[in-house]
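Structure, as structure tokens:
The values are calculated or read from the model by the stated rules, or taken from the named source; none is laboratory data. Quick caveat: nothing in here was measured; it's all calculated off a predicted structure. Here the Cβ is made from the backbone with ideal geometry for all residues, glycine too, and neighbour counts use every protein chain on show. In case anyone asks, the SASA skips ligands and DNA or RNA and just uses the protein heavy atoms, side chains included. Shrake-Rupley method; radii C 1.70, N 1.55, O 1.52, S 1.80 Å.
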Amino acid sequence: MDIYKFAISPLLFNLVKTDPEWLHQQTIRSFSWLSQTPASWANQRLKKSLCLYDSRLEQNLFGLNFPNPVGLAAGFDKDGVAAGIWSNLGFGFAELGTVTFHTQPGNPRPRLFRLPLDKAALNRMGFNNLGAATMAARLTQKKQELTQSIPIGINLGKSKVTPLEEAAQDYLDSFRLLKDLGDYFVVNVSSPNTPGLRSLQDASMLSAILNLLQQENNSHKPIFVKIAPDLEWVAIAEIISLAKTYQLAGIIATNTTISRDGLKTQVIDQTGKSPEQEAGGISGEPLRDRSTEVIRFIWQQTQGQIPIIGVGGIFSSEDAWKKITAGASLIQVYTGWIYEGPLMVSRILGGLLDKLEQNGLNSINEAVGLEVKNKK
């Protein structure tokens with residue numbers, strides 16, 4: 001039996017003329033099944049074929065050990081149904097969610113579109129998930145298994161039914177249910193697909209959220225904030241200041257973009273409309289350079305004192321290296337992994353090892369911010 005065809009080939013949705021959300025659901029079901037049998041022959045084959053271990057790729061950050069710097073971004077495993085499988089696919093960590101306190105169906109379909117000419121995706125999913133209580137119950141059941149695996153983060157979003165002025169309490173309610181089940185947490189205030197959510201990046205509103213979460217955070221779990229790539233530099237600087245004030249573990253840069261600049265796609269097949277006429281965020285290659293610019297800015301503003309998780313448009317080891325040398329300690333992939341397939345992670349890791357050797361470095365940690373350091 002070909003394990004790739006069995007479980008992973010649906011990831012290559014850009015090659016298949018069918019609904020990408022349906023394909024995503026089939027893939028998650030396969031991974032969910034595999035995660036329930038961690039010692040199975042199939043899982044051992046995955047691990048042997050897709051994992052690359054090398055001590056030079058390891059890092060200990062904010063009290064967590066990362067076997068390698070490549071993680072799965074939030075949005076793929078929204079409900080944590082496959083939380084036990086991601087280490088077998090070569091990832092050094094994985095982020096579940098986005099999860100909201102209230103169960104919600106998300107936005108009307110179709111809401112996920114492929115843009116193969118741009119090596120991109122457009123999504124307006126709208127935080128569709130089963131809610132924090134359901135995720136908490138599932139992760140409690142899997143907790144023993146996950147403690148022996150890679151770090152697992154949980155991405156928290158605001159419920160659509162919750163008014164913006166009550167957003168802080170909504171995030172807190174989710175955090176209370178999940179705080180003992182995630183290794184780190186992310187405050188997602190940057191998705192373009194929940195009305196008004198991005199306004200929570202405003203310093204006063206974000207401050208209220210972070211204040212409540214840190215008051216509740218008795219176990220001192222690492223908390224990140226995930227920001228939009230479309231923010232002005234002044235707004236990003238304000239968020240950096242808040243990250244210091246509330247002793248956040250770091251910043252995730254960046255979420256999807258609402259920009260449509262430079263897209264090659266003229267018409268989206270499923271709707272017959274142009275990307276400019278469709279709501280939602282763009283991920284993938286069009287986001288690559290801007291997310292790296294934001295990473296570089298944060299690194300420069302903080303002299304590398306605040307850890308950064310870089311995400312956006314990573315398809316190759318060269319893309320990963322640019323984000324790391326711009327200042328990202330860790331990176332995440334989603335759209336690139338879908339387009340490139342299951343071998344992408346090990347290819348990136350192998351390429352990063354080559355980069356270390358070429359630059360005379362002994363560990364990936366030495367590469368973080370290297371581009372900025374070299375310009376001083």
Top mean-square fluctuation among K47, K323, K273, Gaussian network model of the chain, C-alpha springs under 10 Å? K273
Considering every Cα-Cα pair within the stretch 242-312, what fraction, in whole percent, is farther apart than 17 Å? 52 percent
Find the lysine pairs in the stretch 65-181 meeting two conditions, Cα atoms under 24 Å apart and a separation of 8 or more places or different chains, and report how many there are. 10
Quick check of the Kirkwood formula: for the stretch 69-152, what is the inverse mean of 1/r over all pairs of different Cα atoms, in Å? 14.0 Å
Förster-model FRET efficiency, 41 Å R0, S316 and V161, C-beta, rounded to 0.05: 0.50
Loop sites in the stretch 182-245: GluC sites (Glu not before Pro), DSSP, at most 12 other Cβ within 10 Å: E232
What are the residues whose amide H is under 5 Å from the amide H of L96, where those residues sit 5 or more places off or on another chain and H is modelled from the backbone? G153, I154, N155
Build a GNM of the chain with springs between Cα atoms under 10 Å: which of G80, G336, G196 gets the top mean-square fluctuation? G196
For the stretch 336-355 and the stretch 113-182, what is the separation of their C-alpha centers, rounded to whole Å? 26 Å
Test of understanding: in a Gaussian network model of the chain with alpha carbons linked when under 10 Å, which of S219, S346, S329 would top the mean-square fluctuation ranking? S219
In Hz, Karplus ³J(HN,Hα) per residue of the stretch 71-84 (6.51, -1.76, 1.60; θ = phi - 60°; x = Gly, Pro): x, 8, 6, 4, x, 7, 10, 5, 10, x, 6, 10, 4, x
Sum -39500 (n - 2.57) across every DSSP H segment of at least 4 residues in the chain, then divide by the residue count to get the 222 nm mean residue ellipticity, nearest 500. -11000 deg cm²/dmol
Within the stretch 124-193, GluC sites (Glu not before Pro) in DSSP loop having at most 16 other beta-carbon neighbours inside 10 Å: none
How many Å² of accessible area per residue for the stretch 180-310, probe 1.4 Å? 41 Å²
Distance between modelled label sites at S49 and T245, nm, 7 Å Cα→Cβ extension: 5.1 nm
I'd like the FRET efficiency for L117 and D202, computed as 1/(1 + (r/R0)^6) with the beta carbon distance as r and R0 of 41 Å, rounded to 0.05. 0.70
For the chain, fraction of C-alpha pairs farther apart than 37 Å, in %: 12 percent
Using θ = phi - 60° and the Karplus form 6.51 cos²θ - 1.76 cosθ + 1.60, what ³J(HN,Hα) does each residue of the stretch 227-233 get, whole Hz, x for Gly and Pro? 10, 7, x, 8, 5, 6, 4
Spin-label point model (7 Å from Cα, Cβ direction): what's the N211 to N60 distance in nm? 3.5 nm
Explain nothing, just compute: Karplus ³J(HN,Hα) = 6.51 cos²θ - 1.76 cosθ + 1.60, θ = phi - 60°, for every residue of the stretch 252-257 in order, whole Hz, x for Gly and Pro. 9, 10, 8, 7, 6, 10
Around D77, what is the net charge, scoring Lys/Arg as +1 and Asp/Glu as -1 over all other residues with Cβ under 14 Å from its Cβ? +2
First measure r as the distance between the Cβ atoms of D354 and E293, then evaluate 1/(1 + (r/R0)^6) with R0 = 22 Å and state the FRET efficiency to the nearest 0.05. 0.30
What does the extension gain come out to for Q305 and D180, with contour length at 0.36 nm per residue minus their alpha carbon separation? 42.4 nm
On the accessible surface of the chain, probed at 1.4 Å, how many percent belong to carbon and sulfur atoms? 50 percent
Can you check how the C-alpha radius of gyration of the stretch 222-376 compares to 2.2 N^0.38 Å, as a plain ratio? 1.10
Which value in Å is the Kirkwood Rh of the stretch 157-242 over different Cα pairs? 13.2 Å
